[in-house]
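Quick notes on the structure that follows.
The values are calculated or read from the model by the stated rules, or taken from the named source; none is laboratory data. This one's a predicted model, so the numbers in the text were calculated from it and none came from an experiment. Accessible surface areas use protein heavy atoms only, side chains included; no ligands, DNA or RNA. Shrake-Rupley method; radii C 1.70, N 1.55, O 1.52, S 1.80 Å.
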Amino acid sequence: MSAVLRPADGELYRRALRGIRDRTGVHLAFAGQVRDQRLVLCEFLGARTTGLRDLHVEPGKGVGGTVLQRLRPYGVSDYRAARSITHDYDDLVLGEGIHATVAVPIATHGQVRGVLYGAVRSDLPLGTRTVDALVAIANDVAHELRVRDEVDQRLHLLGPTVVESLTAEREQLRELHAELRGIAADVPPGPLHDRLRRACDRINALGGPAPRPAPSTALSPREIDVLSQIALGCSNAEAAVRLAVKPETVKAYLRSAMSKLAVHNRYQAVLAARKLGLLP
């Protein structure tokens, strides 16, 4: 049932990795999900090889396994020389060129659900700023996982037919909303443009009534256009293609939206916009 209802958690982790790269500038960001008490590395941004993909990390082994065992952030400034960790995965880690890395747990209800990593291939230090950014993003992912768990529990009694219908309709609404906003963005101002915008508003309203955003957080149509694409998991380049603008333009609108919403990454911006009823 929950597999039908729940959107793929991989998309959630991929957003988190983009947030890590945007906020810290690390060379490599990657993540793993806990399955059968082992951490399986599954999402990567900035990888040069495929050696670490699908690696099963045992508790207590390596940096990630240390995080699983201690339930708190952990890192090493020189992986090759580090004596505080085991070196079971040296060939794969060093094959990726990793010099320093830090990892933080994603925990809900006292259990680690996943681990986020930031790594560099030089002797640049991974300081407090990097760790704090990873912790904040991990907390955001944990919050979303708790929300998804709660939704699963609340809808469990509805039965599989209702759940499948609700899930399909929600995804279709989001895709249709993003597509129409993309079309409207490419239509010159006029009656047709206005009709498309009204259609987008009607689709968004199908999600139910939402609080009216305060003037300080009111987003421009273009900012919502960008967030509607980001909400589908698009990168800046992909959103630019869909909206027929330059990636730098997408980045500027995204930065402006994050400032208005008082958030620090694209993932938080999407969540905040949905809470305000600006996205379905």
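Average projection, convex hull of the Cα set of the range 1-152: 8.3 square nanometres.
With respect to the chain, whose longest principal axis is taken over its alpha-carbon atoms, helix 9-24 is tilted by about 80°.
Amide H contacts of V26 (H built 1.01 Å from N, in plane; Pro and chain starts excluded): no residue 5 or more places away or on another chain comes under 5 Å. If the segment from T249 to V135 were pulled out straight at 0.36 nm per residue, it would be longer than the present Cα-Cα gap by 38.1 nm. Relative contact order for the chain: 16 percent, from Cα pairs under 8 Å spaced at least 6 residues apart, divided by residue count. For a straight C-alpha distance cut-off of 17 angstrom, the lysines reachable from K275 (same-chain residues fewer than eight places away being disregarded) are K260.
In the complete set of protein chains, residue-level accessible area for Y89 is approximately 30 Å², probe 1.4 angstrom. Counting only alpha carbon atoms, the long axis of helix 160-185 and the longest principal axis of the chain meet at about 70°. Listed by chain and number, the aspartates and glutamates placed with their C-alpha closer than 14 angstrom to that of K251 are D22, E223, D225, E238; residues fewer than eight positions away on the same chain are left out. Rolling a 1.4 angstrom probe over the chain with all protein chains present gives an accessible area of which 52% lies on carbon and sulfur atoms. Over the chain, DSSP H runs of length four or greater, each weighted -39,500 (n - 2.57), average out per residue to a 222 nm ellipticity of -16500 deg cm²/dmol. For the range 1-80, what does the alpha-carbon gyration tensor say about shape, rounded, prolate or oblate, given a ≥ b ≥ c as the root eigenvalues, a/c under 1.5 as rounded, and a/b over b/c as prolate? Here the range 1-80 falls in the oblate category.
Calculated on the Cα set of the chain, radius of gyration then Dmax: 20.4, 68 Å.
Around the amide H of C42, modelled in the peptide plane, lie the amide H atoms of A31, G32, Q33, D54, all under 5 Å away and 5 or more residues distant in sequence or on another chain.
Here the contact order of the range 1-113, divided by its residue count and restricted to Cα pairs under 8 Å and six or more residues apart, works out to 19 percent. Roughly how many whole Å is it from the C-alpha centroid of the range 175-200 to that of the range 93-129? Cα centroid of the range 175-200 versus Cα centroid of the range 93-129: 41 Å apart.
Per residue, the chain exposes 51 Å² of solvent-accessible protein surface, assessed with a 1.4 angstrom probe and all protein chains in place. List the aspartates and glutamates whose alpha-carbon lies under 13 Å from that of K61, not counting same-chain residues fewer than 8 positions away? The reachable aspartates and glutamates, counting only those whose Cα sits under 13 Å from K61, are D88, D90.
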